[in-house]
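Novice: After the structure tokens below, expect a handful of questions from me.
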Amino acid sequence: MPLSSYSIPPERLAAARRSFAAIVGAQNLFFDAEDQDSYSDAFAVDDSRHRPAGAIAPDTVEQIQAIVRVAAEHRIPLWPISRGKNLGYGGSAPVLEGSVILDLSRMKKIEYDEENGTVLLEPGVGFYDLYDFLKARGLKHWLSTPGNSWGSVIGNALDRGVGYTPYGEHTTKLCGMEVVLADGTLVRTGMGALTGSPTWQLYRFGFGPAWDQMFVQSNLGIVTKAGLWLMPEPESLMGMDLEFDRPEDLGPLIDAIAPLRREGVLQQSPTIGNWLRAAAILTTRAEWTDQKGALSDTVIAAIRKKFQMGWWGVSLRLYGRETINREAYAILESEMNKLKPLSMKRTSWKRGEPLEMTGWTGTPLTFPMQNANWHGGLGGHIGFSPVLPQSGSAAMEQFRRTYQRYQEFGMDYQASFAFGERHLINVNAILLDKDDPDMMRRVDPFIRTLVADAKAHGYGEYRTHLDYMDLVASTYDFNGGALGKLNAKVKAALDPFGIIAPGKSGIGTVSSKTKDRA
């Protein structure tokens, strides 16, 4: 049974702290109660869980190598973070309470290959950092940014985060990593295994097994650098913002977009969002009702009327040569008009014109975080995000099932269906009111019910909060959980003492060798 907390013997922690201070300087150690609070999960359902022992903040690869060797010597579990902004999934907090946070936010080097459109980044480089860097050089390449862009570029890609441009599946744009293993060994993947290789950020695979994805959503090593492909600034951008009036419009909309995405007519990663996805940013619940439980249809209709929004909305964008975009736009317009949208607003841009500051142009943004204030007071959110086929009927069934559960547990439904090339991710946000004890008691059984519902239909989450990593990992149960057993074998081989991020993605915990060491 995995541990949920781990108490490091005081004498062992004191000895490790002395060694850590010698490596990074005492000013870069953070072990006070206030520090422990700041590295905890701000959106936690249970604030008593996942509290770290403290944090250490290196700024070089050599320091990280030295830190993991000290951690192995003293059996100190480390929880690496890039910037710690993964709110809704645990923020900077560790799975294993009592771990020491390895804060990589001071590592902010950027290497830019303008000709080939790649960057080599350290984990502390945030989306705003990289955007400012590229903007100062004329924005010849665009980012893809997530809905809340204050986190790490590499950290987001390593957790399979998504954005809105043709480069929106961020993990697929990684190319070449530098990784510190649990014994302090420094490894470069792909072409980086050749000293001085000029193709490290150009060819993903190298020779032999390709290990990059082994370090995605894993605790098998600490990524200290990673290459990322950037999108060349397009000649033009064309598209449309659409609103649809009824819940049942979701299925036909998905069936219309899916073939366009598979054919490559539409190369971006569009997201169909429900009305609350926008309304929770524009207003607060108290402006409309003081009734507990899920919002009534009457209140929903009033909110939609005020803000002139559909039940579902989606933005479609085309990037590239203007002549090609014109032809593709005609196809989009024809297909969308067949669905009789509530509204269709056309948008276009040409190189040299002022750029709209939106996720569709790769501009970092944070205003969607306003949804944490939907209930007022101490807010937050947590997500439930199963992967579905690109099928309108499957999506409608998932929507009806999940919407019913939201009503059953008295929650307001905020959801979206995000396209990949062949799949959908149904991102459901549970907007929290941490000042409402009754609501907070319902959150855990609600999420567990959603996970069980999805599993019954063969759906699993692609990403989850710290509290549910073991649960979600257990749903991947083919052949007696063979995948989990494989992960455990690799973890035991690379990190026998369970030093790096024990429990992440349901993989490993502090080993008996660590617990028993006096």
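Computed from the coordinates by the stated procedures, all read-outs in this text should not be read as laboratory data. No experiment lies behind these values; they were computed from the predicted model shown. As a convention, Cβ positions derive from the backbone with ideal geometry for all residues, glycine included, and neighbour counts pool all protein chains shown.
Novice: Where Rh is the Kirkwood radius over the Cα pairs of the stretch 236-463, the temperature 4 °C and the viscosity 1.567 mPa s, what D in µm²/s does Stokes-Einstein return? Before the final figure, lay out each step's value.
Specialist: Working: Rh = 18.6 Å.
Translational D for this selection: 70 µm²/s.
Novice: Please compute the length gained on full extension between Ala14 and Asp132, using 0.36 nm multiplied by the number of residues separating them and subtracting their Cα-Cα distance.
Specialist: Details: separation 118, 0.36 × 118 = 42.48 nm, distance 4.05 nm.
Stretched out fully, the Ala14 to Asp132 stretch lengthens by 38.4 nm.
Novice: Could you calculate the FRET efficiency of Ala301 with Asp46 from 1/(1 + (r/R0)^6), where r is the beta carbon distance between them and R0 is 45 Å, rounded to 0.05? The partial results should precede the final answer.
Specialist: Values: r = 35 Å, r/R0 = 0.79.
Result of the calculation: an efficiency of 0.80.
Novice: What ranking of Val153, Val187 emerges when the number of other C-beta atoms within 10 Å of each C-beta is taken as an exposure proxy, fewest first? Can you show the working numbers first?
Specialist: Details: Val153 32, Val187 14.
Starting with the residue having the fewest Cβ neighbours, the order is Val187, Val153.
Novice: Could you compute how fast the chain diffuses translationally, taking Rh as the Kirkwood radius over C-alpha pairs and applying Stokes-Einstein at 10 °C with viscosity 1.306 mPa s? Give it in µm² per second. Kindly include the intermediate steps, with their values, before the conclusion.
Specialist: Details: Rh = 24.1 Å.
This corresponds to a translational diffusion coefficient of 66 µm²/s.
Novice: Please list, or write none, the lysines whose alpha carbon is within less than 20 Å of the alpha carbon of Lys108, excluding same-chain residues fewer than 8 places away.
Specialist: Here the lysines satisfying the reach criterion relative to Lys108 are Lys85, Lys135, Lys173, Lys225.
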